[in-house]
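Below: one structure, written as structure tokens.
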Amino acid sequence: VQLQASGGGLVQPGGSLRLSCVVSGSASSINTLAWYRQAPGKQRELVATITSGGSTYYVGSVKGRFTISRDNAKNTVYLQVNSLKPEDTAVYYCKFTDYYGTEYWGQGTLVTVSS
């Protein structure tokens, strides 16, 4: 299983980005996709998850600003990030967890929020 994340970049405070992560090589239709982030000098933290049934979860600091979605036909998970703050600066990683609980990670995409 391989994951390819993209969509990061430099954005001003208050701006938006859409992150994408394409999953290939898995036949597990029952799965969970997630976005994590790791800021400089900090531990990786969960941002949002979405199950194959469409149920979502968000960490409190991003609720109302970030939206996770998935397109099963394209094997892609998205993270729409709005109203960005400097503290959102981090490398964002996608994770795929299959039916058996095996986890796979993408390589990360850097989001920098700065004026």
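Quick check: is even one residue across region 8-17 in contact (Cβ under 8 Å) with a residue 12 or more places away in the chain, assigned to a strand (DSSP E or B) and touching a Gly at 6+ places or on another chain (Cβ under 8 Å)?
Yes: region 8-17 contains one or more residues that are in contact (Cβ under 8 Å) with a residue 12 or more places away in the chain, assigned to a strand (DSSP E or B) and touching a Gly at 6+ places or on another chain (Cβ under 8 Å).
Given the criterion part of a strand (DSSP E or B) and closer than 17 Å to SER16 by Cβ, identify the matching residue among LEU79, LEU84.
Being part of a strand (DSSP E or B) and closer than 17 Å to SER16 by Cβ holds for just one of LEU79, LEU84, which is LEU79.
For the subset of region 56-115 comprising residues that are touching a residue at least 60 places away in the same chain (Cβ under 8 Å) and of a type in the set (Lys, Arg), which member is least open to solvent (accessible area, probe 1.4 Å)?
LYS95
Yes or no: THR51 of a type in the set (S, T, N, Q) and open to solvent by less than 50 Å² (accessible area, probe 1.4 Å)?
yes
Out of region 61-86, which residues are over 29 Å from SER28 (Cβ atoms) and modelled with pLDDT of 95 or more?
GLY64, ARG65, ASN82, SER83, LEU84, LYS85, PRO86
One residue is enough: does region 50-60 have a residue meeting the conditions touching a strand residue (DSSP E or B) at 6+ places or on another chain (Cβ under 6 Å), within 16 Å of SER6 (Cβ to Cβ), part of a strand (DSSP E or B) and not charged (D, E, K, R)?
Checked against the condition, which is being touching a strand residue (DSSP E or B) at 6+ places or on another chain (Cβ under 6 Å), within 16 Å of SER6 (Cβ to Cβ), part of a strand (DSSP E or B) and not charged (D, E, K, R), region 50-60 yields no hits at all.
Could you list, in sequence order, all residues of region 28-48 that are modelled with pLDDT under 95, surrounded by fewer than 14 Cβ atoms within 10 Å (Cβ to Cβ) and either of a type in the set (S, T, N, Q) or in contact with a Pro (Cβ under 8 Å, 6 or more places away or on another chain) (or both)?
SER29, the sole residue that qualifies.
The values are calculated or read from the model by the stated rules, or taken from the named source; none is laboratory data. Values in this document were obtained by computation on a predicted structure and should not be read as measured data. Positions of Cβ are generated from backbone atoms using ideal geometry, with glycine treated the same way; all protein chains shown enter the neighbour counts. In case anyone asks, the SASA skips ligands and DNA or RNA and just uses the protein heavy atoms, side chains included. Shrake-Rupley method; radii C 1.70, N 1.55, O 1.52, S 1.80 Å.
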